[in-house]
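In what follows, a single structure is set out as structure tokens and then discussed.
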Amino acid sequence: MSDTNGKLASRLYPSHIDIPANVRSQVVTLLNQTLAATADLKSQVKQAHWNVKGKDFYQLHEMFDEIAAEVEEYIDMVAERVTALAGYACGTVRMAAADSILPEYPTDILSGEEHVTALVERFAAYAKHLRTAIDKADELNDQDTNDLYVEISRTIDKRLWFLEAHIQVSEVKSEGMVKEKASVN
Ligand SMILES: [Fe+2]
């Protein structure tokens, strides 16, 4: 957690909710980390949506926008879980930049394959963060937050598949797996 968001990310308001403050403080800190990563991810998918070039431009431009809209919904759901727990949502662009686990989006890429590869790396890192968060929310016995993480995680795994399906043919060919399979048949 950055100095900017450190205290804000765990801040709690008084609440009648029946989850102890020490648990809520840990959960909202976790959720604020996810909020930063989710906002960053959405902005990076939009970056791909705007800047992709090449023969697959239109379908990738459309798919990236569809994914960005889905991720945007999760920004709101994560932020509102923070506030439901009487926490403070660290939701500005600067707050996201200070605390995101994702690397900055590369500015020297052009083709569809390069943009898909950059997004695959980021979706994989985000998916890993979500799976860790599923376990943490479970350990803290906040099953509503756990359920939110499970929902997001399932969709992100699906989107990782959608993205990877664009580049797996060349990866499989370069690893010789297609050849091996062909020789078996
Ligand atoms: Fe657009």
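What follows draws every value from the coordinates through simple rules; no lab data is involved. Small disclaimer: the values here were computed from a predicted structure and weren't measured. Cβ: placed from backbone, ideal geometry, glycine included. Neighbour counts: every protein chain shown.
Miscellaneous remarks
- Student exercise, the chain dipole from Lys, Arg, Asp, Glu Cβ charges, in Debye to nearest 20: 240 debye
- The slack in the chain from Val93 to Glu164, taken as 0.36 nm per residue of separation less the alpha-carbon distance, amounts to 22.8 nm.
- Distance between the pseudo-spin-label points of Ala21 and Val150 (7 Å out from Cα toward the beta carbon): 3.1 nm.
- Whether the chain is rounded, prolate or oblate, judged on the alpha carbon gyration tensor where a/c under 1.5 counts as rounded: prolate
- FRET efficiency, Thr83 to Lys7 (Cβ-Cβ, R0 22 Å, nearest 0.05): 0.85
- Fully extending the segment from Asp76 to Asp135, taken as 0.36 nm per residue of separation minus the present Cα-Cα distance, adds 19.1 nm.
- Using C-alpha pairs below 8 Å separated by at least 6 residues, the relative contact order for segment 4-166 is 29 percent.
- Helix-only [θ]222 nm of the chain, DSSP H runs n ≥ 4, -39500 (n - 2.57) each, per residue, nearest 500: -24500 deg cm²/dmol
- For the listed residue pairs Lys53/Lys173; Lys55/Lys173; Lys46/Lys128; Lys128/Lys173; Lys7/Lys158, the alpha carbons are over 32 angstrom apart in Lys7/Lys158.
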